[in-house]
Amino acid sequence: MAWASNNVVLRNLEVRGKYVTWGDNHNAIRLEQSNGTVIQNNRLYNITGTFGMNDSAIMLYDCNDTIIENNEIFNVSGVGIYVKGNHTGFTQDRTTIRRNLIYGIQNAAIIMLASRDGRVYQNVLRDNLWGISIYSLGGGPTNDIIANNTVHNTQFGGIYFRGSAQGWSNIRFFNNVITGGSESAVNGESFPDPGSSTFEHNAYFGMQNFANFSGTYRTFTYWKSTWNKDNANPISTTVDPRYVNASGGDFRLCTGSGAPSASCTAASPVLALGVDILDLNGNGSTTDTIRPGAYVTGNEVIGRGGSVSGPIPTAPAAPTSVRIIR
């Protein structure tokens, strides 16, 4: 746990939890009132308990400028990464969640609650109950961008709006690939519609239904024509994105017959679907087209083993001029 701290680095940890009956937050890593924290290249698993989504691998309260990247998180009874609350007088701004591999989560892989100007991108989220959850209790996330994530085989929804009030604002969902297994690609629980959110340049494929709001299933056509989502060019689609090998955990997109793997029979039809609003290819443009999903170049490391960002701790220098007093 990091509490009331600045510029802490939590790197290369392996945390294996155990089942507990504690009736509140039960976490592998918890931050509170901590700014500039880097959580990188960790393996967090077996975080299980009896208190639903509060049994979470990573949880944040009142934290700004947090980077959570290249972690492997699995077998959690709550949430993989939970950007949770902010108390009076505190903010929770500019959380970056990128290149994480999260699977086997019995609630949502990622929840954004008290988040402002957050960035969630290039994560692979597979075999979870929910994918990415926008959670509102009257004052939900604001100005978050959810881009270039691959969400596969969730049980109830790739994108999930939940809570007691429709309080989120300016949430942008761009360039995501949401496939397979779900009751619906987008699930709004009790909300009448997706409200103040923007969906563009996304690929959806293989769900039982497209959207579920207020217990009513909506088609992709309704989503586009009535709620004006996913209409901008390059226009969103519901065709098969052609992963290299989803069952084997390889969610790169095929670029041609036999490329980048012999399992590819043809190029993905969505290779030019994304618009690079986060400049993930590093060319200085936020309007050029890129591949949707987590693999923009196909060479990214998702999960542990990625490149280090943030400060690297060094050992202190040996002391000099030491006197030993007996």
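The values are calculated or read from the model by the stated rules, or taken from the named source; none is laboratory data. What you see is a predicted model; the values in this text were computed from it and never measured. Using ideal geometry, Cβ is built from the backbone for each residue, glycine included, and neighbour counts are taken over all protein chains shown.
What to note about this one:
- Members of segment 145-166 found to be aliphatic (A, V, I, L, M) and over 18 Å from residue 278 (Cβ atoms), listed by number: 165
- Number of residues in segment 7-47 that are part of a loop (DSSP other than H, G, I, E, B), of a type in the set (Gly, Ala, Ser) and either crowded, with 19+ Cβ neighbours inside 10 Å or modelled with pLDDT of 95 or more (or both) equals 3.
- Candidates 197, 169, filtered to the one that is touching a residue at least 24 places away in the same chain (Cβ under 8 Å), under 26 Å from residue 278 (Cα atoms) and within 17 Å of the chain's Cα centre (by Cα): 197
- Some residue of segment 228-251 being closer than 30 Å to residue 164 by Cβ and modelled with pLDDT under 95: no
- From the list 111, 58, the lone residue that is within 16 Å of residue 304 (Cα to Cα), surrounded by 21 or more Cβ atoms within 10 Å (Cβ to Cβ) and at pLDDT 95 or above is 58.
- For segment 189-218, filtering for residues that are of a type outside the set (Phe, Trp, Tyr) and under 22 Å from residue 293 (Cα atoms) leaves 12.
- Only one entry in 206, 293, 274, 303 is of a type in the set (Gly, Ala, Ser), in contact with a Gly (Cβ under 6 Å, 6 or more places away or on another chain), within 27 Å of residue 183 (Cα to Cα) and at pLDDT 95 or above, namely 206.
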